[in-house]
Structures are given as C-alpha cells and as structure tokens.
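Input: a single structure, listed below in structure tokens.
Here, each number is a calculation from the coordinates, and none is a lab measurement. Not measured: the values here are computed from a predicted model. With ideal geometry, Cβ positions are generated from the backbone for all residues, glycine too; neighbour counts draw on all protein chains shown.
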Amino acid sequence: MKSFLVFIVFVTFLYSQTPRVYTQLGDEIYANAPKIEELKKIKEFSRYINQIDVYISEVASAKEYGKGVEKEDGSADKDIYLEDLRELIKTNDFFKKLVADTFEDSIQKEKSVLFVQMIDSGLLPLSKYEEQILRYYNTHTQEIAKEGAIALLIEKQESLQQKRIAAQKAKEAVYYETKKETEQEKIERLRKTDLEKKEALRRALEEEEARKKAEIIQKQKEELAQ
C-alpha cells in the first residue's frame, strides 16, 4: 500500500505543471513522457520496460530541476538544465521512431491489434501517416473498431468530403446561375433588337405614308392651278 501511494505521488508530480524554461524542448518531453510510459503495456515493447522506467525517472528529475531554474534563486543552473533536456529529447525521439517503425511493421505483417496500439499511442504523427492508416483500416474493417484515432481520422475524412461536395455544389450553382443570367441577357438583347426593328419599320412606314400624302396634295394643287 505504501509503495502504491509513493507511485501515485510520483506520477502526480511528473505530470503536474511544467517549467516555463526552454519550453520548446521541455514541453514535448513532458507531454510525451506518460505516452512513452504507456508503451510498457504493449507486448512488443516489453524489452524496453527498464529503459522506459529509467527515462521516466530522469524526466521527473529534470522537471524538478527545471522548476529550480525557474525560481532564479541560484539553486539550479540553466545550462545544466538545457543539457539534461537535450539528452532527454534524444530518448524521446528514439521512442517516437520506434513507434513509427513498429507501426510500419504492423501493416506489413497485418497485426491489427498492434496497428491500433501504435496509432492510439499519441506518439505517431497521424497527419503524416493518414493515408496509410485509412488504407489499412478500409481493408481490415472486420478487425478494427471505429474508435480512438481511427474514428477521428474517419470523421476528418468525411468532413473534408462533405466540404468538397458542398464546394462543388456551390460551384455548380454559380455556374447555372451565371448561365441562367447569360441566357436571360440574350433573351433581353433579342427583345431589344426586335423592338428596335419594329420601331424602325414603324418610322419607315410613317415616313412613306407622309411622303405619299405630300405627293397627293402637291398633285391636287397642280390640278387646281390649271
């Protein structure tokens, strides 16, 4: 019971607020530490249990030291903390690469359980492997539940597809509306042309009628004058 309480205190300390010094390195290390520790539960990572335990302990020590640096009271050296982080990020990157390699191996050997464990580990950049993940899932849907990272990727894919469909519909609507407007403009232009022709014909007829009337009047005047 005592050892369990010590473990709880240790874990609580490890995942508490992180130092605000060298956050570019520190934040990733502290965020990934619990994810790396979870790898111990996966059979294929059993050979790394001791290495993970040592690493988690080193991360906790570095975090405590970093909080000392943050106080700026001279109790901790900033350069030493930076060096610690540089060493820790190497191990962090080692496990990230190990997860990526194991992920690739799970696809080649069609180990669906391991495949899911890797994409749910939080250590695999899903956007980088999205195409591979969905391709494998689509050919192994009977073995893989639609949950976790898989569900998120499927939801993302469906959302993008819906956006593409909506964009295509909007494009078609604009096209048909433009086409409709063009046809309407054509109809209006033909109407205008027709009206102009009718108006020109009307004026020509009126002018012709006026000319004939004038000729008749002139002819009557000439007859009266004789």
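Only one residue of Tyr129, Ile144, Leu160 has its Cα farthest out toward the positive end of the dipole of segment 77-167, where Lys and Arg carry +1 and Asp and Glu -1 on Cβ, and that residue is Leu160. Take segment 150-226, compute every pairwise Cα distance, and split them into 10 Å bins from 0; I just need the percent in each bin. Calculated P(r), rounded to whole percents: 15, 16, 14, 12, 11, 10, 8, 6, 4, 3, 1, 0. Looking at segment 72-144, the trypsin sites (Lys or Arg not before Pro) that sit in a DSSP loop and have at most 12 other Cβ atoms within 10 Å of their own Cβ are Lys109. In the chain, the longest principal axis of the Cα atoms and the axis of helix 23-38 are about 70 degrees apart. For volume of the Cα convex hull per residue in Å³, the value computed from the atomic coordinates appears in the list (i) 178; (ii) 282; (iii) 158 under label (ii).
Rounded to the nearest 20, the Cβ-based charge dipole of segment 2-109 about its Cα centre (Lys and Arg +1, Asp and Glu -1) stands at 460 debye. Within the straight-line cut-off of under 24 Å between alpha carbons, the lysines reachable from Lys180 are Lys169, Lys171, Lys192, sequence neighbours fewer than 8 places apart in one chain being disregarded.
With the Kirkwood sum run over all distinct C-alpha pairs, segment 96-226 has a hydrodynamic radius of 22.0 Å. Take the Cα of Gln108, step 7 Å toward its Cβ, do the same at Ala204, and the gap between the two points is 8.7 nm.
Projected onto planes of every orientation and averaged, the convex hull of the alpha-carbon atoms in segment 56-129 covers 6.1 nm².
Placing unit charges on each Cβ (+1 for Lys and Arg, -1 for Asp and Glu) gives the chain a dipole about its Cα centre, and among Ala31, Ala225, Phe95 the Cα reaching farthest toward its positive end belongs to Ala225. Sites listed here are GluC sites (Glu not before Pro) in segment 135-226 whose DSSP assignment is loop and whose Cβ has at most 15 other Cβ atoms within 10 Å: Glu143, Glu147.
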